[in-house]
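Structure first, commentary second.
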Amino acid sequence: MQARTWSDYAWITLRVVTGLWFAWLGAIKLFVHGPPAFAKQVAQFRILMDPWNLPVAYLVPWLELIAGILLLGHFWPRGAVRILGVLTLVFLFANAQALYLGFEPDCGCFGTAFKLGLVPKLWLIGAQLAVLITILIGESRARRGVFAGRRMRLPG
């Protein structure tokens, strides 16, 4: 096993902080405000028809919470980053569409933890996407490096 360097610890810290961030976002949507309140916020974007808002409001926070925990614990990290990346792209699209159409819905992204205007929210979602891409690249490189591990080979 190779000794870990400061860059290894930086990657671990970035992964853990990002996992905590997404797990926290999913948890406040699920356990603090609840899916029905989040469904009302999803409906404000006028993308989905009425019967689909509630299933999305149940699915999205659970995906955020589970993928955040997976990323936090380094269980299936590349899959977790891909799931969170797709969710982040959907959030980016929905908020950009709202900006383009000229309305500012309360997205429910952060619960009531803090309120952001639409443009700062787009910058924050863009930063989330950049961090997820960075982690995905780092995980791809890590498979060849210090975190790669050994594959078991069968005799014969």
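The values are calculated or read from the model by the stated rules, or taken from the named source; none is laboratory data. All of these numbers come straight from a predicted model, not from anything done at the bench. In this analysis, Cβ positions are derived from the backbone assuming ideal geometry, glycine residues included, and neighbour counts consider all displayed protein chains.
Can you find a residue in region 57-69 that is among the β-branched types (Val, Ile, Thr), part of a helix (DSSP H, G or I) and surrounded by 17 or more Cβ atoms within 10 Å (Cβ to Cβ)?
First pass over region 57-69, keeping only residues among the β-branched types (Val, Ile, Thr): 60, 66, 69.
Narrowing further to those that are part of a helix (DSSP H, G or I): 60, 66, 69.
Filter once more, so that each one left must be surrounded by 17 or more Cβ atoms within 10 Å (Cβ to Cβ): 60, 69.
Within region 57-69, one or more residues are among the β-branched types (Val, Ile, Thr), part of a helix (DSSP H, G or I) and surrounded by 17 or more Cβ atoms within 10 Å (Cβ to Cβ).
Is one or more of the residues making up region 77-87 out of contact with any Gly (no Cβ under 8 Å at 6 or more places or on another chain), in contact (Cβ under 8 Å) with a residue 12 or more places away in the chain and closer than 18 Å to GLN44 by Cα?
Checking region 77-87: at least one residue is out of contact with any Gly (no Cβ under 8 Å at 6 or more places or on another chain), in contact (Cβ under 8 Å) with a residue 12 or more places away in the chain and closer than 18 Å to GLN44 by Cα.
Does any residue in region 1-30 that is within 18 Å of GLY85 (Cβ to Cβ) come within less than 6 Å, Cβ to Cβ, of a residue that is charged (D, E, K, R) six or more places away or on a different chain, and which pairs are these?
Hits for this filter: PHE22/GLU64; LEU25/GLU64; GLY26/GLU64.
Tell me, which residue of region 25-56 that is of a type in the set (Lys, Arg) and either in a helix (DSSP H, G or I) or touching a Gly at 6+ places or on another chain (Cβ under 9 Å) (or both) is nearest to ILE135 (Cα to Cα)? First the steps, then the outcome.
We begin by selecting, within region 25-56, every residue of a type in the set (Lys, Arg); these are 29, 40, 46.
Restricting the remaining residues to those that are either in a helix (DSSP H, G or I) or touching a Gly at 6+ places or on another chain (Cβ under 9 Å) (or both) gives 29, 40.
Details: LYS29: 24, LYS40: 32 Å.
The selected residue is LYS29.
Condition first: at pLDDT below 65 and of a type in the set (Lys, Arg). Now tell me which residues in region 103-147 satisfy that.
Within region 103-147, ARG143, ARG144 qualify.
Within region 46-76, which residues are in contact (Cβ under 8 Å) with a residue 40 or more places away in the chain and under 14 Å from TRP21 (Cα atoms)?
GLU64, LEU65, ILE66, ALA67, GLY68, ILE69, LEU70, LEU71, LEU72, GLY73
Regarding region 81-95, can at least one residue be identified that is modelled with pLDDT under 90, in contact with a helix residue (DSSP H, G or I) (Cβ under 7 Å, 6 or more places away or on another chain) and in a helix (DSSP H, G or I)?
Checking region 81-95: at least one residue is modelled with pLDDT under 90, in contact with a helix residue (DSSP H, G or I) (Cβ under 7 Å, 6 or more places away or on another chain) and in a helix (DSSP H, G or I).
Filter region 2-22 for residues that are within 19 Å of THR88 (Cα to Cα), surrounded by 19 or more Cβ atoms within 10 Å (Cβ to Cβ) and of a type in the set (A, V, I, L, M, F, W, C) and give the result. Before you say what the answer is, go through the steps one by one.
Looking only at region 2-22, we keep the residues that are within 19 Å of THR88 (Cα to Cα), and these are 14-22.
If we keep only those that are surrounded by 19 or more Cβ atoms within 10 Å (Cβ to Cβ) too, we end up with 15, 18-19, 22.
Scanning region 2-22 gives a single hit, PHE22.
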